[in-house]
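Each remark here refers to the structure printed beneath this line.
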Amino acid sequence: SKQQLQFKLVLLGKKKDQYHRESAVGKSSLVLRFVKDQFDDYRESTIGGSFSLLRLSPRWTRLTLSTLTAAFLTQTVNLEDGTTVKFEIWDTAGQERYKSLAPMYYRNANCAVVVYDITQSASLEKARNWIRELQRQADPSIVIALCGNKSDLAARRQVTQEEAQKYAQEEGLMWAETSAKTGEGVTDIFTRIAKKLPTT
Ligand code: GTP
Ligand code: MG
């Protein structure tokens, strides 16, 4: 009999600073490629604008932040054995000031895609921090994939495949390089995640 499964997936990963758009690792771009098979060179930062929360009560602040500080999308993957896996994707804002909100998104997540940019070695350091945090605070059964994005910019590479792969192996993580721009590796990593998730 064919199974229909539903999983919550969170994307994490940070850029170096809030001023240079090109230094963002490409979480939203990966989702856009996976869900709509599109790419946008001038993508806006997820939650780019600043907004005042001063007049909101703590409860409303939480509710407002949870709806404003991540984008929600779904995409379904059909596996060869007939299983259908529906991902509920939470694309978080990478900016430093929203860091404390991340637990809201990874707390009940079945899987996490932690993204770094292969042209920014600092972004791998940030990815390692996210992975440490997930290992400490997320559900112990969470499936974590480390994803080196912007593989089309290999000429500007600062992170070798060997370094990232070795780290992923040591930590028991899935690993892939992707390009949201060309689409390389994108469907593949989400499909591998779908196959790794528990079927019951
Ligand atoms: P925040 O929402 O601010 O955390 O950023 P983000 O991680 O969602 O990054 P976003 O998807 O907005 O992409 C940032 C910039 O990198 C944009 O200018 C994208 O067009 C570009 N970009 C994303 N993925 C790729 C890629 O695979 N290759 C290239 N060359 N550029 C990319
Ligand atoms: Mg984004």
* Residue in the stretch 75-82 that is modelled with pLDDT of 90 or more, charged (D, E, K, R), more than 15 Å from ligand 1 (Cβ to nearest atom) and surrounded by fewer than 16 Cβ atoms within 10 Å (Cβ to Cβ) present -> yes
Sole miss for GLY172 among (1) more than 18 Å from GLY13 (Cα to Cα); (2) open to solvent by 70 Å² or more (accessible area, probe 1.4 Å) is condition (2)
Selection over the stretch 7-25 where residues are farther than 16 Å from ALA112 by Cβ and either at pLDDT 95 or above or not small (Gly, Ala, Ser) (or both) yields a count of 8
Being among the polar types (S, T, N, Q) and in contact with an Asp or Glu (Cβ under 7 Å, 6 or more places away or on another chain) narrows SER123, SER141 down to just SER123
Within the stretch 68-108, of all residues that are β-branched (Val, Ile, Thr) and over 18 Å from ALA138 (Cα atoms), the one nearest to ligand 2 (Cβ to nearest atom) is THR69
query = Can you find a residue in the stretch 126-141 that is within 15 Å of the chain's Cα centre (by Cα) and among the acidic types (Asp, Glu)?
reply = yes
ASP152: passes all of (1) open to solvent by less than 10 Å² (accessible area, probe 1.4 Å); (2) at pLDDT 95 or above; (3) assigned to a helix (DSSP H, G or I) but (1)
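The values are calculated or read from the model by the stated rules, or taken from the named source; none is laboratory data. All values reported here derive from a predicted model rather than from experimental measurement. A quick note on method: Cβ atoms are made from the backbone with ideal geometry, for glycine too, and the neighbour counts reach across all protein chains shown. With ligands, DNA and RNA removed, areas are computed over all heavy atoms of the protein, side chains included. Shrake-Rupley method; radii C 1.70, N 1.55, O 1.52, S 1.80 Å.
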